[in-house]
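A quick write-up on the structure given underneath.
The values are calculated or read from the model by the stated rules, or taken from the named source; none is laboratory data. All figures in this text were calculated on a predicted structure; none of them were measured in a lab. Backbone-built Cβ (ideal geometry, glycine too); neighbour counts: all protein chains shown. Surface areas here come from the heavy atoms of the whole protein model, side chains and all, with no ligands, DNA or RNA. Shrake-Rupley method; radii C 1.70, N 1.55, O 1.52, S 1.80 Å.
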Amino acid sequence: MSCRILVLISGSGTNLQALIDSLRARPTEGQIVAVVCNRPGALGIERARNANIPAVTLDHKDYPDRETYDQALMEQIDHFEPDLILLAGFMRILTEKFVSHYRGLLLNIHPSLLPKHKGLHTHQRVLDAGEGEHGSTVHFVTLELDGGPLIVRARIPVLAGDTPASLAARVQEQEHHLYPLAMHWFVQGRLRLIDDQACLDGSVIPPEGLKLEDFNNDLREDSYAS
Ligand code: GRF
């Protein structure tokens, strides 16, 4: 049965675009049934519409507090009956009620090698710390911000002369392989959260997550097979 995927965004939606493109090769496996955005006018909304995906804007500024907003968001999401919810640059801290409601169905992509650099401004923080590598992580969402079980990480070297912008560009390039890979694993029933642990093909994923470079064969557009 085709997996119903819902994507939450706030911004330009390049990750959303990568997810859309990767599903084109395997349309029967899963479909993005809706995109929900909290920022009116975000470019990602246009990307959804161009792909004929229903796009809903739910502006957080129209709600008095986080609880009321998340309640409205949950109602909107549940209307589409998704099997999987992907946070793709959704710049909101989610309430406990929201996270618990979608436990095991909620993935996030974060621009750092988690558990390092949770939160914002990760590219600047990597430079400030003088680190030699950086990257991005896909993980299950649990109550701790950017803290749920790691699934898969992509690494890039930090080069002389790198700026936050140059790092962001190279990290995003990797993200556009990383997130589709994790999405396809979930859609195929291979990736699950079991007893608070991320599992792929029934085996517990190590705490530091899997390495994108170990799955190069899965990255061809027509692949994603086991
Ligand atoms: C990505 O770098 C992602 O890691 C972070 O927000 C950014 C979203 O970019 N959570 P885009 O909107 O997908 O282009």
- prompt: Can you find a residue in the range 117-127 that is assigned to a strand (DSSP E or B), at pLDDT 95 or above, open to solvent by less than 10 Å² (accessible area, probe 1.4 Å) and within 13 Å of the ligand (Cβ to nearest atom)?
  reply: no
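Can you pull out every residue in the range 7-28 that is open to solvent by less than 40 Å² (accessible area, probe 1.4 Å), within 15 Å of the ligand (Cβ to nearest atom) and not in a loop (DSSP other than H, G, I, E, B)? Reasoning before the result, please.
Here is the first cut: in the range 7-28, the ones open to solvent by less than 40 Å² (accessible area, probe 1.4 Å) are 7-11, 13-16, 18-20, 22-23.
Keeping just the survivors that are within 15 Å of the ligand (Cβ to nearest atom) gives 7-11, 13-16, 18-20, 22.
Across the range 7-28, the qualifying residues are 7, 8, 9, 14, 15, 16, 18, 19, 20, 22.
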- prompt: Scanning for something within 11 Å of the ligand (Cβ to nearest atom), closer than 20 Å to residue 3 by Cα and either open to solvent by less than 70 Å² (accessible area, probe 1.4 Å) or not in a loop (DSSP other than H, G, I, E, B) (or both), does the range 152-164 turn up at least one residue?
  reply: no
message: Taking the condition of being more than 16 Å from the ligand (Cβ to nearest atom) and either in contact with a helix residue (DSSP H, G or I) (Cβ under 6 Å, 6 or more places away or on another chain) or not in a helix (DSSP H, G or I) (or both), how many residues in the range 77-100 meet it?
response: 7
query: Which ones in the range 74-91 are in contact (Cβ under 8 Å) with a residue 40 or more places away in the chain and among the aliphatic types (A, V, I, L, M)?
result: 77, 84, 85, 86, 87, 88, 91
- prompt: Here is a list of conditions, (1) within 18 Å of the chain's Cα centre (by Cα); (2) at pLDDT below 95; (3) assigned to a helix (DSSP H, G or I), and residue 217 meets all of them except one; can you say which number that is?
  reply: (1)
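Going by the conditions given, is residue 42 within 15 Å of the ligand (Cβ to nearest atom), touching a residue at least 24 places away in the same chain (Cβ under 8 Å) and of a type in the set (Gly, Ala, Ser)? Lay out the reasoning, then the answer.
On the way: within 15 Å of the ligand (Cβ to nearest atom): yes; touching a residue at least 24 places away in the same chain (Cβ under 8 Å): yes; of a type in the set (Gly, Ala, Ser): yes.
Answer is yes for this residue.
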- line: Considering residues that are more than 18 Å from residue 82 (Cα to Cα), out of contact with any Pro (no Cβ under 9 Å at 6 or more places or on another chain), free of Cβ contacts under 8 Å to residues at least 40 places away in the same chain and not β-branched (Val, Ile, Thr), the number found within the range 92-117 is 3
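Being open to solvent by 10 Å² or more (accessible area, probe 1.4 Å) and aliphatic (A, V, I, L, M) is true for just one of 86, 106, 43, 73. Which residue is that?
None of the others qualify; the one that does is 43.
Scan the range 46-64 for residues that are outside any loop (DSSP other than H, G, I, E, B) and open to solvent by 70 Å² or more (accessible area, probe 1.4 Å) and jot them down. Before the answer, list the steps.
Of all residues in the range 46-64, those outside any loop (DSSP other than H, G, I, E, B) come to 46-50, 55-57, 60-62.
46, 49, 50, 61, 62, listed by residue number.
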task: Can you confirm whether the range 187-196 contains a residue that is away from the ligand (no atom under 13 Å from the Cβ), surrounded by 17 or more Cβ atoms within 10 Å (Cβ to Cβ) and outside any helix (DSSP H, G or I)?
output: yes
